[in-house]
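First comes the structure, then the notes that go with it.
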Amino acid sequence: MMYIEDYVKGNKEVIDFVQNAVPGAIDKYVGTLDYATARFNTILLRLSEDPIMLDEFMPEARDCYEAIQAFYKNTQRLITWPWIFKPVAKVVLHMIGTRQIPKIKRLMDNVDNYKRKPIFGEDTV
């Protein structure tokens, strides 16, 4: 099981890549990584404030982390692979970007709209 610190350390490489990216042909992929990591770090910050929320949303947070890492890995492939394989990397990036990256936004909305269930004996007024 990974903890919040592990997710932050794992995303450090992605954030460094985004900050040092040279403008050019991969701008939309870098922009997607930028938005995804910013939203994910906001989610982690909110989850660290409430241990009950942390337990409830940690599986979704792990899925989002893996989506960011897969998108980053394939962006690196797009940069380093020979020109003949770049269309394959673009298709994979498109699949990740349309199917997995939107989960980050949904998780952020769920965390923002979370209402804790009252514990027995608590006032619900």
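A compact table of results
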| read-out | value |
| --- | --- |
| Residue in region 2-15 that is of a type in the set (Phe, Trp, Tyr) and not in a helix (DSSP H, G or I) present | yes |
| Pair list, Cβ under 7 Å, 6 or more apart: region 18-34 residue closer than 20 Å to CYS64 by Cα, other residue among the β-branched types (Val, Ile, Thr) and not in a helix (DSSP H, G or I) | THR32/ILE101 |
| Odd one out for THR42, checked against (1) in contact (Cβ under 8 Å) with a residue 60 or more places away in the chain; (2) surrounded by 15 or more Cβ atoms within 10 Å (Cβ to Cβ) | (2) |
| Cβ-Cβ under 8 Å pairs, at least 6 apart or on other chains, region 77-88 side within 17 Å of ALA21 (Cα to Cα), far side loosely packed, with under 13 Cβ neighbours inside 10 Å | ARG77/PHE85 |
| Total residues in region 92-114, condition surrounded by 11 or more Cβ atoms within 10 Å (Cβ to Cβ) and touching a residue at least 60 places away in the same chain (Cβ under 8 Å) | 9 |
| Lone unmet requirement of (1) buried (at least 16 other Cβ atoms within 10 Å of the Cβ); (2) under 14 Å from the mean Cα position of the chain (by Cα) for ASP63 | (1) |
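Computed from the coordinates by the stated procedures, all read-outs in this text should not be read as laboratory data. Model, not experiment: these values are computed from the prediction. Note: ideal-geometry Cβ built from the backbone for every residue, glycine included; neighbour counts use all protein chains shown.
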